[in-house]
Structure formats: C-alpha cells, structure tokens
Amino acid sequence: MTIKEVFPNPTVKQVIFQIRFPNLFSMENKIGDFQLKIMKQFPESALLYRRQVIFADVGPKVKIEESEAQAHQEAGKKIWHFESRKNFELNVTSDSLDINSRYHKTYKLKGGERFRDIIKSAVDSFLQVTSIPVVNRIGLRYIDECPIPKKDNKTFRSYYNSVFPLDRFSLADAKELDFKTVVRRGPYYLRYIESLQTVGDVSKLILDFDGFAENVASEDYLKVTDSLHKIISEEYEQTINDPVYKFMRKGKGS
C-alpha cells in the first residue's frame, strides 16, 4: 500500500531522479535539440564544468599555464544545467541525466504538481533526441527531515518504527546515530539510511531512501521508476507512525 494523500507540510525535502547510460560521444551535438524541447519547462540554462583533481608529474619544461589548460580539457566534465521557474533543476552530462527538486510534494497523486510528470516530459524528450537503447542505472531518491518534538525514547518510538538500538543507546544521550543498509527488493535495490542530527537544541531524524535498478531497456524507464517509488513509499510508511501523519497534515504555521 502506498500513501494516497498530498500533505500541506510533508517531511520530504528533496527528491532526485537519475538515469546513467553509456558515454555518448555525440551529446554535445544533440544537447541543443534537447534544450528546445524542454525550454518552456526549463527556461534557464548554463554550461558548467565539474573539475577533477589530477596529480601528475609534468616535468620542469612544461609551463604552469600549459599544464592547467591541459587539465581543464582532460578533467573538466561538461554539465548542461537547466532550471525551472520553480527552482527545480535538470543536469545532463555525456553519461547521465538527473532532476533535482525541493519543490514537489507528490510523485503522481492528484492535488499537486507531480514529480512523475516532470520526469516523463524531460526523459521522453531526451530519448527522442538521443535514441539511447539501454539505461545502465535508474535511481529515485527521497530525503526526508522528520520532527523529534522531545528527545526521549518513548516519544521517538511513538513517532517512528526506528532501527536504532535505543535499548542500548538512549536517544537522550545520543549526539549522533546512524544506520545504513542496501537490500534487494525483488529485481531492484533499496539503500536505506536513518540519521539522527542535532543542531543546538533541535534534533531531526533524516530518512534517506534511494531505490535503484540496473540494465533497463529505455522504453521501460517509467515503469521501473514507478516500481522504485512504490518500494520507497512502502518503506516510508513502515517507518512513520500516526504523529508524523498529523504533523504533515498541519500547515507550516499551525
């Protein structure tokens, strides 16, 4: 069962979708056609470079300027960066596409702008331009910041079905608690992280769900993404209890 409600104050703070594919040498020639297809949705654009650190013995005869220029050419990875007016972002490299949103509250439910629609629009356009037959990896990641109104075991357990060993390490005494696992879910995988973060007197539970699949035919990308979302949603439901639902149903100011 997956959640069938759009909350005014959801715990989710960031959603990331990514596909990885074999390095496409022709990407630079195709990116302009892709930009035209998504321009209404992502009107802002920029060309960025992701620099890698290179340690090399270039010898005394090579000028510093020549070495830096060569490093820029060899280590600088081009990123075609696009932004919507609502500040969610799309990035394309020669071997990946990702969409990063801190705006969306729902994946596909009615009653809000749907992250699934953004994925479909962008990736359909991308596949039309590139004709990529296979996706090496599809990932869907949700990062939630969840409230801890009182830092004691009883309150925490009423809010969450946590995997923290609280019988041994009391929440009241903990400055940090972290748990991570990667598990199989049928043909797919889920990386699940719980993390207690405390800044000053305020503590939060960070839930990080990263579902992924490998070696997917490109025409199946959306069906697989739907399955990853279902896995994440079900895992989220198993983690939270009624007080968290009540928190999400309240407006931020109430």
Quiz prompt | Every residue from the range 12-26 that is within 18 Å of the chain's Cα centre (by Cα) and either surrounded by fewer than 12 Cβ atoms within 10 Å (Cβ to Cβ) or more than 16 Å from ASP98 (Cβ to Cβ) (or both) | solution = VAL12, LYS13
Practice problem: Can you work out which of the residues in the range 202-218 that are charged (D, E, K, R) and either outside the structural domain of ARG191 (by TED's automatic domain parsing) or more than 13 Å from TYR192 (Cα to Cα) (or both) is surrounded by the most Cβ atoms within 10 Å (Cβ to Cβ)? | Solution: LYS204
Quiz item: Is at least one residue of the range 156-175 more than 30 Å from THR198 (Cβ to Cβ), at pLDDT below 95, acidic (Asp, Glu) and assigned to a helix (DSSP H, G or I)?
Solution: no
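Here is a yes/no grid of residues against (1) within 30 Å of SER94 (Cα to Cα); (2) surrounded by fewer than 16 Cβ atoms within 10 Å (Cβ to Cβ):
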site	(1), (2)
THR130	yes, no
ASP152	no, yes
ARG168	no, yes
ILE193	yes, yes
Quiz prompt | Subset of the range 27-60 [part of a loop (DSSP other than H, G, I, E, B) and either within 17 Å of ILE99 (Cα to Cα) or at pLDDT 95 or above (or both)] | solution = MET39, LYS40, GLN41, PHE42, PRO43
Practice problem: Quickly run through the range 1-42 and pick out the residues that are touching a helix residue (DSSP H, G or I) at 6+ places or on another chain (Cβ under 7 Å) and either hydroxyl-bearing (Ser, Thr, Tyr) or without any contact (Cβ under 8 Å) to a residue 40 or more places away in the chain (or both). | Solution: THR2, THR11
Exercise. With respect to ARG157, determine if the residue is without any contact (Cβ under 8 Å) to a residue 60 or more places away in the chain, charged (D, E, K, R), in the same structural domain as VAL15 (by TED's automatic domain parsing) and touching a strand residue (DSSP E or B) at 6+ places or on another chain (Cβ under 8 Å).
Key: no
Exercise. Answer yes if at least one residue in the range 184-197 is modelled with pLDDT of 95 or more and more than 25 Å from ILE231 (Cβ to Cβ), and no otherwise.
Key: no
Quiz item: Does ARG137 meet the test of being under 30 Å from HIS81 (Cβ atoms), crowded, with 18+ Cβ neighbours inside 10 Å and in contact with a strand residue (DSSP E or B) (Cβ under 9 Å, 6 or more places away or on another chain)?
Solution: no
Quiz item: Would the range 206-214 turn up any residue that is at negative phi, touching a His at 6+ places or on another chain (Cβ under 9 Å) and of a type outside the set (Ser, Thr, Tyr)?
Solution: yes
Quiz prompt | Within the range 219-240, tally of residues that are of a type in the set (A, V, I, L, M) and either under 30 Å from PRO147 (Cβ atoms) or assigned by TED's automatic domain parsing to the domain that holds ILE118 (or both) | solution = 4
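The values are calculated or read from the model by the stated rules, or taken from the named source; none is laboratory data. These figures come from a predicted structure and were not determined experimentally. A quick note on method: Cβ atoms are made from the backbone with ideal geometry, for glycine too, and the neighbour counts reach across all protein chains shown.
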